[in-house]
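Down below is the structure, laid out as structure tokens.
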Amino acid sequence: MSQPSSIASPSGMSWQTPAVIIVCGCLIALIGFGVRSSFGFFLEPMSAARGWGREVFAFALAIQNLLWGLGQPFAGMVADRYGAARVLIVGGILYAAGVALMTVSGSPGMLTLTAGVLIGIGLAGASFTVVLAAFARMVPPERRSWALGIGTAAGSFGQFVFAHLGQAFIAGYGWSMALLLMAGMVLLIVPLAGALSGRPDYDSDPTVHKQSIGNALGEAFGYRSYLLLVSGFFVCGFHVAFITVHLPAYLADLGLGIQVAAWAIGLVGLFNIVGSYAAGVLGGRYSKRYMLSAIYFLRAVVILLFITIPPSTVTVLLFAAAMGVLWLSTVPLTSGLVAVMFGPRYMATLFGVVFFSHQVGSFLGVWLGGYLYDRTGSYDVVWWLGIALGLFAALIHLPISERPIARLAPAT
Amino acid sequence: MRSGHGLAAMLGGAVLVVWLGLMAMSWRAAALPPEASGTVLAVFPPRHTEAAIFAAIVRAGGRPVRATWLDFAWIAHGDEPGFVAGLRAEGAVAAFDDVPLGPSLGGCAAVVTLDRFMRQAGLMK
């Protein structure tokens with residue numbers, strides 16, 4: 001990848017080429033997003049070893065997800081102000097500390113503190129959201145969509161890598177040593193973050209509109225297109241969380257074999273990598289809002305077909321492959337639109353707010369799935385709700401203005 | 001853009017290589033020693049038929065308990081010390097204790113709980 005002439009490395013370091021930035025950022029996204037995806041496998045052995053009920057571990061992870069969502073906008077603000085590298089380093093250290101300290105968490109309260117609070121805050125600092133914002137600042141605009149796509153795909157790939165690796169570590173070394181090994185891998189974020197160090201001196205650049213974070217947030221929340229984007233990403237969170245948590249149980253209720261569920265989940269993960277990367281590439285050529293609208297519409301169609309056609313192994317696998325392509329492909333497009341609308345100056349903050357909306361949707365997807373199943377005896381209501389939300393999201397993306405906000409528009 | 005695809009492919013390939021190495025090391029560490037006995041997860045090469053696996057377990061001095069969602073991995077039980085050695089002599093690649101095998105899909109906010117799934121798969125008590 002040749003060094004683009006239109007941008008110098010923010011810190012002036014010659015080794016900080018776009019390729020190095022991309023590789024290190026992708027590895028951070030892979031590790032940060034991936035390690036957390038293995039936590040579910042520690043539930044059983046940890047709970048058994050400590051004599052806990054499953055709700056202890058589940059509560060800690062729920063706190064983790066909540067704090068990740070709540071902390072993301074704030075982590076974004078710090079990243080926009082002081083640079084992504086510092087936030088990634090602090091986030092990585094907190095994340096690693098939380099994972100390591102899970103091994104000595106002898107009480108439910110301690111586990112909530114380590115697995116919940118420490119890791120949740122750490123994730124906010126060390127997640128792909130901060131990486132994507134850094135990419136948006138450090139990569140030339142014509143490469144931005146591709147960079148956002150490869151960053152998202154790296155996170156998706158991390159889920160695949162660490163889910164299997166977590167299982168293998170537990171089998172080979174026991175859950176405690178497995179956690180320590182995972183913590184060691186998370187610590188790699190610290191040196192990798194060096195590649196994302198430095199930030200453009202916006203304050204001294206006369207071409208950059210001077211704006212505080214507060215002004216930026218006020219401007220964004222007063223901008224209809226941004227609010228539509230926030231609303232749409234809520235639907236994304238609802239879909240992925242509901243399907244992630246409840247699909248195996250739904251398939252079991254249909255009487256389909258465990259092997260089918262296993263293949264289905266695996267296919268979603270693998271096609272997710274393809275979908276994320278493709279969305280990033282295509283987002284650089286075509287309209288992001290129309291692509292997002294199409295993705296959400298197709299999700300609604302795929303879900304409708306899945307629940308109305310008589311279930312079989314074939315329909316399940318086709319559903320999984322289709323949903324995999326449509327899974328995190330929304331991320332590079334949504335983050336790309338934030339960058340188009342407001343520029344990269346406060347990208348981490350503004351996309352952090354969008355991500356918080358995603359986490360709220362995720363929470364509802366998980367909780368409502370279980371709640372409505374218990375109330376109605378089936379997942380039908382939630383599936384239909386998912387279809388309705390998909391259509392809603394498809395519609396609200398259409399009027400999004402895919403242009404820089406007026407103050408950023410070039411003078412004519 | 002071709003250079004971007006090339007970078008993506010190289011990065012993905014490098015990660016896969018490292019991952020395969022770590023997986024191989026971990027699963028080797030997880031394998032039971034030859035003298036082990038009791039209820040184990042016996043893994044055979046994928047080319048083995050169910051009938052062949054069944055017979056191999058019996059010849060190894062044990063009894064097949066149940067198949068798993070992996071066609072070539074069976075739960076087997078043998079009381080005599082050296083059961084695992086016998087399984088390997090009959091073609092098993094390795095034998096493992098209770099392992100948390102299962103697919104996962106960690107969405108942005110998902111708490112992945114696989115216990116019901118793993119019990120149905122016969123991989124958990």
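Please treat every number below as a calculation from the coordinates, not as lab data. Computed from a predicted structure; not experimentally measured. Positions of Cβ are generated from backbone atoms using ideal geometry, with glycine treated the same way; all protein chains shown enter the neighbour counts.
Let a ≥ b ≥ c be the square roots of the eigenvalues of the Cα gyration tensor of region A:18-200; is it rounded (a/c under 1.5), or, if not, prolate (a/b larger than b/c) or oblate?
Details: a/c = 2.38, a/b = 1.80, b/c = 1.32.
Here region A:18-200 falls in the prolate category.
Based on the alpha carbons, how large is the Rg to Rh ratio for region A:213-401 when Rh follows Kirkwood?
Values: Rg = 16.9 Å, Rh = 17.0 Å.
Radius of gyration relative to Kirkwood radius: 1.00.
Counting helices only, and only those DSSP H runs with n ≥ 4, report the 222 nm mean residue ellipticity of chain A as the sum of -39,500 (n - 2.57) divided by its residues, in deg cm²/dmol to the nearest 500. Intermediate results must be reported in sequence, preceding the final value.
Values: 17 runs with 311 residues, N = 412.
Helix-only estimate at 222 nm: -25500 deg cm²/dmol.
Based on alpha-carbon centroids, what's the gap between region A:115-134 and region A:42-83 in Å, whole number please?
Here the answer is 10 Å between Cα centres.
Evaluate Rg over Rh across region B:1-95, taking Cα atoms for both radii and Kirkwood's formula for Rh.
Taking Rg over the Kirkwood Rh, I get 1.21.
Residues of region A:272-298 with the amide nitrogen closer than 17 Å to a label point 7 Å from the Cα of A:Arg403, along Cα-to-Cβ, please.
Within reach of a label on A:Arg403: A:287-290.
For A:Val20 paired with A:Phe392, estimate the spin-label separation in nm (one decimal), with each label point 7 Å from Cα along the Cα-to-Cβ line.
Label-label distance for A:Val20 and A:Phe392, simple model: 4.7 nm.
In percent, how large is the relative contact order of region A:260-354, given Cα pairs closer than 8 Å and 6 or more residues apart?
Numbers: 92 pairs, mean separation 44.4, N = 95.
Computed value for region A:260-354: 47 percent relative contact order.
What is region A:83-168 by shape, rounded, prolate or oblate, if you read a ≥ b ≥ c off the alpha carbon gyration tensor as root eigenvalues and call it rounded for a/c under 1.5, prolate for a/b larger than b/c, and oblate otherwise?
Values: a/c = 3.78, a/b = 1.82, b/c = 2.08.
Oblate, since a/c reaches 1.5 and b/c is not below a/b.
In chain A, which whole DSSP H runs stretch at least 20 Å along their own axis (Cα) and average 0.0 or higher on the Kyte-Doolittle scale?
Values: long enough: A:18-36 (27 Å, 2.23); A:54-82 (40 Å, 0.55); A:84-101 (25 Å, 1.94); A:141-187 (47 Å, 0.80); A:224-253 (43 Å, 1.26); A:258-283 (37 Å, 1.60); A:288-308 (30 Å, 1.49); A:347-376 (42 Å, 0.79); A:380-397 (26 Å, 1.75).
Flagged H segments are A:18-36, A:54-82, A:84-101, A:141-187, A:224-253, A:258-283, A:288-308, A:347-376, A:380-397.
How would you classify region A:124-253 from its alpha-carbon gyration tensor, with a ≥ b ≥ c the square roots of the eigenvalues: rounded for a/c under 1.5, else prolate if a/b is greater than b/c, otherwise oblate? Walk me through the numbers before you get to the answer.
Values: a/c = 2.70, a/b = 1.47, b/c = 1.83.
The shape class here is oblate.
Cut-off 10 angstrom, C-alpha nodes, Gaussian network model of chain A. Which of A:Gly51, A:Gly76, A:Gly184 fluctuates the most?
Evaluated over chain A, the most mobile residue of the options is A:Gly51.
Distance between the C-alpha centers of region B:33-49 and region B:51-93? Whole Å please.
About 5 Å separates the Cα centre of region B:33-49 from the one of region B:51-93.
May I ask for the distance between the Cα centers of region A:136-188 and region A:317-395, given as a whole number of Å?
One Cα centre to the other: 21 Å.
What is the local net charge at B:Phe44, summed over the other residues whose Cβ is closer than 12 Å to its Cβ (Lys, Arg +1; Asp, Glu -1)? Numbers along the way, then the final one.
Details: positive: B:Arg47, B:Arg88; negative: B:Glu50, B:Asp71, B:Glu90.
Computed value for this residue: -1.
Could you work out the percent of alpha carbon pairs in the protein assembly as shown separated by over 38 Å, rounded to a whole number? Walk me through the numbers before you get to the answer.
Numbers: 40882 of 143916 pairs.
Cα-Cα pairs of the protein assembly as shown separated by over 38 Å account for 28 percent.
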